[in-house]
Amino acid sequence: MTDHIPTFKISIEDKDLTAIVSPRLVNLTLNLCRGDESDQLDISLDDSDGKLALPPRGAQIAVALGWQSSGLVDMGKFTVDEVEHSGAPDTITLRARSANLIDKFKRQEERSFHNTTLGAIIELIAFQNELASGISASLRDTGVPHIDQTHESDAAFLRRLGKKYDAVATVKNDTLLFIPINQSRTVSGKALPVITITRALGDGHRYHSAESNAYTGVRAFWHDERYARRRSVVAGVPGNSKRLRTIFATEADARASAVAEWQRILRGLATFEMSLALGNPAVFPQSPVTVKGFKPEIDATPWLSTKVTHSLGGSGFTTRVEFETKTEVVEAEREEEKDPDEGITGVLAKWTDVAAKKKKEGQEQAGAAGTLKTLEHIYHSKQAAKRAVLHAWRHIQEVRNIIRENGE
């Protein structure tokens with residue numbers, strides 16, 4: 001009979017006060033966010049008898065949530081920064097945020113990093129802010145030829161590094177973490193368990209897809225000092241690719257920025273929100289999730305949780321989760337520097353309709369007459385041949401545009 005009985009534990013300054021809080025709890029809301037956004041804990045307590053003391057600002061609160069049948073899950077520590085007393089009936093409301101946020105790194109720094117690694121930079125910042133460091137293995141040895149921190153706080157610098165390398169920069173439990181957004185692993189490399197959520201567990205959802213007119217890739221330009229010219233790399237495929245405005249100093253920087261931006265675009269192609277009637281304390285930001293019981297497109301999408309809100313109160317223990325599309329790791333490739341189809345003025349494709357009662361055959365052309373590139377495949381219809389030549393000619397033009405842009 002304990003399957004659906006929620007439970008919790010609250011400690012203030014390492015003192016277990018669950019027995020005092022439990023009969024007075026009006027509502028507990030815990031917002032867990034990804035990245036440098038602060039996790040926030042709100043607790044409202046009944047003080048109608050006037051016997052509760054106001055907790056001091058700066059006090060640390062540790063919270064665990066769960067069900068009596070399955071036990072508690074540690075939610076972390078939070079620092080009280082707002083206290084409110086209201087009435088009638090008298091109520092005390094505490095607002096606490098995750099301790100040691102990078103927003104506390106406000107002192108501006110003036111320094112440069114040369115021929116180092118991302119891991120070394122993160123370790124230095126952590127050491128100077130009296131924190132342990134945790135950077136994922138996939139990023140630790142990433143080379144950084146040069147980067148400047150000019151009149152910039154460590155918090156702003158970490159956010160800039162996070163955007164450049166598509167990573168989360170945050171502080172949890174006195175540890176500065178720097179982890180790829182797309183990584184569903186702990187800092188030590190252990191894979192986070194995939195959580196399955198069925199529609200029967202929820203009481204509301206919202207799916208949104210924005211795939212129409214989407215970019216096909218991201219292009220980033222870099223300056224090749226050796227040949228004194230501009231070159232480019234692309235993550236995804238050319239065509240309707242987004243062009244980054246910055247001209248990067250190295251090819252490595254261009255690749256990292258193109259990959260980061262392309263992965264951000266891919267994650268935003270579809271989003272999903274769901275409210276769970278029975279809260280799931282095992283769901284955290286960055287948890288990989290699969291869902292069942294919805295439309296095939298929704299069920300087939302691998303999801304990554306980005307924001308989790310746990311609520312405990314009169315309506316029981318519920319969880320609301322926001323998801324984005326989980327993407328695979330992508331790479332950026334250097335784009336063509338010499339036209340492989342130099343002199344070609346158009347494309348020709350032949351077709352044969354063997355299904356027709358009277359055998360039909362012909363050819364389709366895109367571009368201009370002159371020197372034509374003939375596609376090797378013999379297509380089964382006029383329409384298929386037409387699509388093929390248009391696609392091939394468009395690709396030739398794209399390559400030429402890229403070469404021309406790089407030479408400007």
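If you go through the range 317-376 one residue at a time, how many are open to solvent by 60 Å² or more (accessible area, probe 1.4 Å) and at pLDDT below 85?
16
Only residues that are modelled with pLDDT under 85 and part of a strand (DSSP E or B): list them for the range 98-114, please. Let's see the steps before the verdict.
Restricting attention to the range 98-114, the residues satisfying the condition of being modelled with pLDDT under 85 are 98-109.
The answer is Ser98, Gln108, Glu109.
Residues are listed down the side, and each one gets a yes or a no for (1) free of Cβ contacts under 8 Å to residues at least 40 places away in the same chain; (2) of a type in the set (Phe, Trp, Tyr); (3) over 30 Å from Val233 (Cβ atoms):
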position	(1), (2), (3)
Val347	no, no, no
Lys359	yes, no, yes
Glu364	yes, no, yes
Gly370	yes, no, yes
Leu375	yes, no, no
His380	yes, no, yes
Arg387	yes, no, no
His395	no, no, no
Arg404	yes, no, no
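Within the set of pairs 6 or more residues apart or between chains, which connect a residue that is acidic (Asp, Glu) inside the range 255-271 to a residue that is at pLDDT 85 or above and open to solvent by less than 20 Å² (accessible area, probe 1.4 Å) with Cβ atoms less than 7 Å apart?
Hits for this filter: Glu261/Val218.
So that you can scan it fast, the table gives a plain yes or no per residue for (1) in contact (Cβ under 8 Å) with a residue 40 or more places away in the chain; (2) of a type in the set (Ser, Thr, Tyr):
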{"site": "His4", "(1), (2)": "yes, no"}
{"site": "Thr7", "(1), (2)": "yes, yes"}
{"site": "Ile10", "(1), (2)": "yes, no"}
{"site": "Glu13", "(1), (2)": "yes, no"}
{"site": "Leu17", "(1), (2)": "no, no"}
{"site": "Leu28", "(1), (2)": "yes, no"}
{"site": "Ser38", "(1), (2)": "yes, yes"}
{"site": "Asp46", "(1), (2)": "yes, no"}
{"site": "Gly50", "(1), (2)": "yes, no"}
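Might you check whether a residue that is in contact with a strand residue (DSSP E or B) (Cβ under 8 Å, 6 or more places away or on another chain), open to solvent by 20 Å² or more (accessible area, probe 1.4 Å) and hydrophobic (A, V, I, L, M, F, W, C) occurs anywhere in the range 284-291?
Yes, the range 284-291 contains a residue that is in contact with a strand residue (DSSP E or B) (Cβ under 8 Å, 6 or more places away or on another chain), open to solvent by 20 Å² or more (accessible area, probe 1.4 Å) and hydrophobic (A, V, I, L, M, F, W, C).
Return the residues of the range 377-399 that are assigned to a helix (DSSP H, G or I) and either open to solvent by 60 Å² or more (accessible area, probe 1.4 Å) or in contact with a helix residue (DSSP H, G or I) (Cβ under 8 Å, 6 or more places away or on another chain) (or both); say none if nothing qualifies.
Across the range 377-399, the qualifying residues are Lys382, Gln383, Lys386, Arg387, Leu390, His391, Arg394, His395, Gln397.
Tell me the strands (runs of 3 or more DSSP E) entirely within the range 236-301 that contain at least 2 residues that are at pLDDT 85 or above and more than 30 Å from Leu28 (Cβ to Cβ).
241-248
Take the conditions over 17 Å from Asn27 (Cβ atoms) and of a type in the set (Ser, Thr, Tyr) and apply them to Ser315. Does it pass?
no
Residues of the range 204-215 being at pLDDT below 85 and more than 18 Å from the chain's Cα centre (by Cα), which ones?
Ser212, Asn213
Which residues, counting only those in the range 1-58, are among the small types (Gly, Ala, Ser) and either over 30 Å from Ala155 (Cβ atoms) or not in a strand (DSSP E or B) (or both)?
Ala19, Ser22, Gly35, Ser38, Ser44, Ser48, Gly50, Ala53, Gly58
The values are calculated or read from the model by the stated rules, or taken from the named source; none is laboratory data. Only a predicted model underlies this, so the values are computations on that prediction, with no experimental measurement involved. Glycine gets a Cβ as well: all are built from the backbone with ideal geometry, and neighbour counts include every protein chain shown. Protein only, heavy atoms only, side chains kept; ligands, DNA and RNA dropped before computing areas. Shrake-Rupley method; radii C 1.70, N 1.55, O 1.52, S 1.80 Å.
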